[in-house]
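Data block below; observations after.
The values are calculated or read from the model by the stated rules, or taken from the named source; none is laboratory data. Note that the structure is predicted; figures quoted are calculated from it, not measured. Note that each Cβ is placed from the backbone with ideal geometry, even for glycine, and that neighbours are counted across all protein chains shown.
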There are 2 protein chains.
Amino acid sequence: MTAFDRLMAFQRETEALAQIAGRLGWDQETMMPRGAARQRGEEMAAIEGVLHARRTDPRLRDWLAKAEAPDAAGARALDLIGRTLERTACIPADLASETARVTSLAQGIWAEARARDDVAHFLPTLAQVIGLKRDAAAALVAGGFGGGDAYDALLDDYEPGATAAGLAAMFGRMRPRLVALRERILGSGVHPAPLTGHFAEGRQLGLARDLATAFGYDWSRGRLDLAVHPFSSGSGDDARITTRVVEGDPFNCLYSTIHEVGHAAYELGIDPIHAMTPLGQGVSMGVHESQSRIYENQLGRSAAFTGWLYGRMRDVFGDIGVAGPEAFFATVNRVTPGFIRTEADEVHYNLHIMMRFDLERELIAGRLAPADLEDAWNARFAADFGAAVDRPAHGMLQDVHWSVGLFGYFPTYSLGNVYAGCLHKALRAAIPDLDAHLAKGEARVATDWLRAAVQRHGGLYRPAEVIERACGFAPTEAPLLDYLEAKFAGIYRL
Amino acid sequence: MTAFDRLMAFQRETEALAQIAGRLGWDQETMMPRGAARQRGEEMAAIEGVLHARRTDPRLRDWLAKAEAPDAAGARALDLIGRTLERTACIPADLASETARVTSLAQGIWAEARARDDVAHFLPTLAQVIGLKRDAAAALVAGGFGGGDAYDALLDDYEPGATAAGLAAMFGRMRPRLVALRERILGSGVHPAPLTGHFAEGRQLGLARDLATAFGYDWSRGRLDLAVHPFSSGSGDDARITTRVVEGDPFNCLYSTIHEVGHAAYELGIDPIHAMTPLGQGVSMGVHESQSRIYENQLGRSAAFTGWLYGRMRDVFGDIGVAGPEAFFATVNRVTPGFIRTEADEVHYNLHIMMRFDLERELIAGRLAPADLEDAWNARFAADFGAAVDRPAHGMLQDVHWSVGLFGYFPTYSLGNVYAGCLHKALRAAIPDLDAHLAKGEARVATDWLRAAVQRHGGLYRPAEVIERACGFAPTEAPLLDYLEAKFAGIYRL
């Protein structure tokens with residue numbers, strides 16, 4: 001056995017154990033009896049301990065030094081294993097365990113604070129988490145990550161190759177066009193009606209399954225369950241999705257299902273030769289989000305697809321109080337300013353991200369104190385959204401991310417939207433009659449194209465590279481903005 | 001940290017990882033998408049590899065040599081860790097991996113053979129498995145296990161302290177009384193009617209949940225799902241049960257639920273101080289089966305409890321075509337000779353076990369060749385049951401056990417019945433008005449007694465010892481036989 005073979009055999013077991021940890025997480029959010037939470041914490045800690053030991057196993061360095069990759073995929077696998085090893089090795093063991101301990105408690109404290117609208121209850125913990133993440137960033141910078149920038153060193157974990165400077169420049173180009181579009185829409189005098197009524201859980205779930213099928217979700221390698229916060233989980237031949245049901249708002253269930261189908265389709269679409277290797281998962285958060293977003297928005301909220309969905313809604317729920325497919329398209333795509341990121345429409349969504357990105361950079365740089373975050377958040381929200389935050393749960397306490405130490409994660413959501421815009425442009429060029437398919441609910445033709453263009457590569461190419469290869473052009477924000485302006489000009493008669 | 005503390009901290013992680021492996025097994029039988037089977041095999045192999053490495057970790061011997069137990073529970077934990085280490089260390093690594101490989105394939109081959117009634121398809125694999133188990137038994141005997149007897153060395157894995165000689169003597173005393181009882185019942189001229197009709201799945205499952213609740217199943221630490229072959233899974237604060245539904249036979253669902261509640265109640269009833277230690281699970285297969293059997297039979301099939309169940313059946317299903325609670329009691333307890341062990345009534349069940357016990361001892365001793373097993377099985381069945389086996393799927397191909405190498409496991413089923421008989425005698429003495437509770441569906445009073453007498457101890461005492469402590473007398477087959485003779489004399493007017 002060569003050093004490369006030994007390394008890959010060892011890595012294969014590590015990937016299998018990582019899949020197990022993921023499945024435990026799925027079980028925790030979908031199936032686990034509530035009384036098992038404490039024990040599950042111990043189980044998760046045990047498997048994470050095994051994974052950490054394997055990812056920093058002393059033999060890895062020897063194998064990496066001696067291994068000769070037989071091909072490009074092998075070379076990329078070696079890069080990824082080495083990168084994980086070096087990043088993990090940068091973080092002192094006591095910092096890693098202290099971060100694990102603090103963030104596991106912080107999530108509960110954040111949830112309590114949000115429920116009680118009590119910023120003060122969360123601030124000491126937030127300050128602690130930020131301190132730990134600043135220490136981690138400094139350790140990573142000292143280890144050569146992030147090119148000397150603390151925020152970039154954290155960002156690198158979610159979107160390798162992205163930089164705060166590049167994102168800031170991109171957001172600088174996006175903001176004026178999004179703000180202008182928002183102003184024109186809100187001043188248009190057009191007000192699509194929201195959907196009202198009661199939509200029974202069982203029927204929503206039945207239709208959600210039909211939508212997953214319409215997008216080509218492979219039920220033989222996945223399943224759909226309920227969860228408080230929808231997510232997808234697993235890679236290879238076991239990529240499960242979840243959704244939630246609000247009986248007054250079926251779009252919540254239906255579009256979160258389509259979104260998660262996008263994530264799962266990416267995992268299920270990866271070439272099986274990469275399974276159980278470092279290339280066997282989606283390559284970054286941004287590329288992952290590009291799949292969920294193009295499924296949800298550019299495809300799922302298109303005029304053609306909503307035309308088909310309108311008919312299915314009436315089949316399932318009877319008269320839904322919407323006059324026809326055009327009105328339904330407008331209802332699905334209503335633009336309404338709101339406090340909550342996860343409920344935002346396509347126009348407002350990236351404005352939410354931009355403010356989080358700016359605020360978290362200031363927090364990590366130490367230029368914004370946690371105690372000043374609420375004021376900074378509320379001022380920025382008033383400036384960008386033209387409204388005053390009415391309560392902390394609708395403001396700085398709304399997202400779980402910072403409590404669990406996810407700094408550098410938010411911008412990958414917008415990057416996903418930007419990538420989705422690029423892929424959508426390329427997809428339309430490649431399949432000129434796409435709308436004819438979508439109008440019949442045949443969204444799987446898009447899945448087929450995305451699988452061949454993006455999904456099958458898994459981790460083979462770097463994030464921006466896989467998008468560029470798929471599109472034939474370097475990714476920029478322009479296609480997303482062009483798409484949004486054209487779509488909403490039609491709906492709002494701008 | 002003392003050697004004992006180090007050892008117990010290490011063991012705690014091992015126990016947590018073992019729980020994870022168990023949860024994966026649960027997922028595989030209840031939730032896993034069918035296309036994920038191959039990948040799951042790799043995941044299971046990875047976690048089993050981690051567990052094997054930990055159970056034979058070289059540091060264990062050092063710690064065990066230096067550790068001083070602070071109390072009796074600690075001393076017992078050291079015994080159990082040492083025993084697992086020594087048993088595992090006896091088996092050469094290549095024999096262990098070859099057995100894992102062969103048995104994982106053998107289960108599929110057995111299933112094919114059973115589906116096609118094709119003994120020849122199974123024989124080469126069976127011979128291979130028996131060869132591997134004989135090698136394992138020889139290695140264990142050489143390592144001092146089993147007191148020189150190969151079969152005892154295997155049996156010791158499932159029922160520490162039991163011996164083939166002791167079981168054979170016990171079965172020798174049981175057989176005449178069971179055969180005599182069987183003859184009197186079949187000659188009685190009394191023929192309780194079977195239940196007929198259609199019983200909708202949803203209603204069966206609803207009633208199954210009510211039954212689990214009646215026995216005190218802690219839903220905050222468990223759940224009920226469907227599986228092809230019902231089982232229970234997990235320890236500590238997460239002990240889940242499964243059942244199956246046959247719409248023409250609700251007893252299948254209802255009594256398998258009660259049976260699995262018995263297993264899960266044992267796990268959930270263990271004193272939390274033993275959680276995540278070697279004492280944190282049921283102590284043996286026999287004691288485990290005593291809990292499932294006393295729940296299912298002595299309690300669940302009692303006149304008092306079936307009287308309550310009769311009312312619940314009518315609430316749920318309407319008129320079930322049975323005249324009254326007495327007739328229903330007879331219907332639940334119908335004695336019918338049949339080919340299949342898992343469908344056997346209380347009178348026939350142990351006769352099934354005795355023939356498997358005798359046959360597998362001959363196979364392991366090398367006195368019976370696999371090629372001669374079918375003839376031996378059919379001859380013995382004709383002698384004991386007075387009928388000719390009509391097809392191999394109803395004969396030697398009916399059970400999965402031998403295909404996966406479970407030799408020495410079958411007798412623990414009967415031992416469980418014998419222990420259940422003893423515990424039932426003690427329970428009746430301790431709670432004279434038990435029937436008054438059962439007649440109201442209050443089976444949890446029995447759970448409370450069993451928890452205090454048996455379940456809470458987990459692995460603290462050796463199997464026969466925990467039964468003797470609970471009953472106040474050394475376990476024998478007499479209480480079971482007395483109970484069966486009295487119960488069926490009433491039903492069949494003997």
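Structural remarks
- Among the residues of region A:1-31, just one is at the interface with chain B (Cβ under 7 Å from one of its Cβ atoms) and over 24 Å from the mean Cα position of the chain (by Cα), namely A:Glu13.
- For region B:476-484, the condition holds for no residue, the condition being that it is hydrophobic (A, V, I, L, M, F, W, C) and in a loop (DSSP other than H, G, I, E, B).
- Considering only residues in region A:270-284 that are touching a His at 6+ places or on another chain (Cβ under 9 Å) and aliphatic (A, V, I, L, M), the one that is nearest to the other protein chains (Cβ to nearest Cβ) turns out to be A:Ile270.
Yes/no matrix, rows are residues, columns are (1) outside any helix (DSSP H, G or I); (2) at pLDDT 95 or above; (3) over 25 Å from B:Phe122 (Cβ atoms):
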position: B:Leu60; (1), (2), (3): no, yes, yes
position: B:Ala69; (1), (2), (3): yes, yes, yes
position: B:Ala96; (1), (2), (3): no, no, no
position: B:Leu105; (1), (2), (3): no, no, no
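- Here A:Val228, A:Val283, A:Val246 are screened, and the one residue that is among the hydrophobic types (A, V, I, L, M, F, W, C), outside any helix (DSSP H, G or I), more than 16 Å from A:Gly441 (Cβ to Cβ) and in contact with a Gly (Cβ under 6 Å, 6 or more places away or on another chain) is A:Val283.
- Filter result (in a helix (DSSP H, G or I) and within 24 Å of A:Arg83 (Cα to Cα)) within region A:264-280: A:Tyr266, A:Glu267, A:Pro272, A:Ile273, A:His274
- Yes/no for B:Thr99 being polar (S, T, N, Q) and more than 9 Å from every other protein chain (Cβ to nearest Cβ): yes
Table: residues versus (1) buried (at least 21 other Cβ atoms within 10 Å of the Cβ); (2) under 25 Å from the mean Cα position of the chain (by Cα); (3) modelled with pLDDT of 95 or more.
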| position | (1), (2), (3) |
| --- | --- |
| B:Leu368 | no, no, yes |
| B:Ala383 | no, no, no |
| B:Arg391 | no, no, yes |
| B:His401 | no, yes, yes |
| B:Asn417 | yes, yes, yes |
| B:His424 | yes, yes, yes |
| B:Asp433 | no, no, yes |
| B:Gly441 | no, yes, yes |
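- Residue tally, condition under 17 Å from B:Glu360 (Cβ atoms) and of a type in the set (A, V, I, L, M, F, W, C), over region B:393-443: 9
- Close Cβ contacts (under 6 Å, 6 or more residues apart or on different chains) running from residues in region A:195-221 that are away from chain B (no Cβ under 14 Å) to residues that are surrounded by fewer than 19 Cβ atoms within 10 Å (Cβ to Cβ) and in a loop (DSSP other than H, G, I, E, B) comprise A:His198/A:Glu247; A:Phe199/A:Glu247.
- In the set (1) surrounded by 15 or more Cβ atoms within 10 Å (Cβ to Cβ); (2) in the same structural domain as A:Val445 (by TED's automatic domain parsing); (3) assigned to a helix (DSSP H, G or I); (4) on the phi < 0 side of the Ramachandran plot, A:Trp110 fails one condition alone, (2).
- Checked against (1) buried (at least 16 other Cβ atoms within 10 Å of the Cβ); (2) in a helix (DSSP H, G or I); (3) modelled with pLDDT of 95 or more, B:Met32 meets all criteria but (2).
- Odd one out for B:Ala264 among (1) over 30 Å from B:His191 (Cα atoms); (2) out of contact with any strand residue (DSSP E or B) (no Cβ under 7 Å at 6 or more places or on another chain); (3) in contact (Cβ under 8 Å) with a residue 40 or more places away in the chain; (4) not basic (Lys, Arg): (2)
- When the residues of region B:46-71 are filtered to those that are small (Gly, Ala, Ser) and buried (at least 18 other Cβ atoms within 10 Å of the Cβ), the one that is farthest from the other protein chains (Cβ to nearest Cβ) is B:Ala67.
- Failed item in (1) surrounded by fewer than 20 Cβ atoms within 10 Å (Cβ to Cβ); (2) hydroxyl-bearing (Ser, Thr, Tyr); (3) within 28 Å of A:Leu105 (Cα to Cα), with A:Tyr461 passing the rest: (3)
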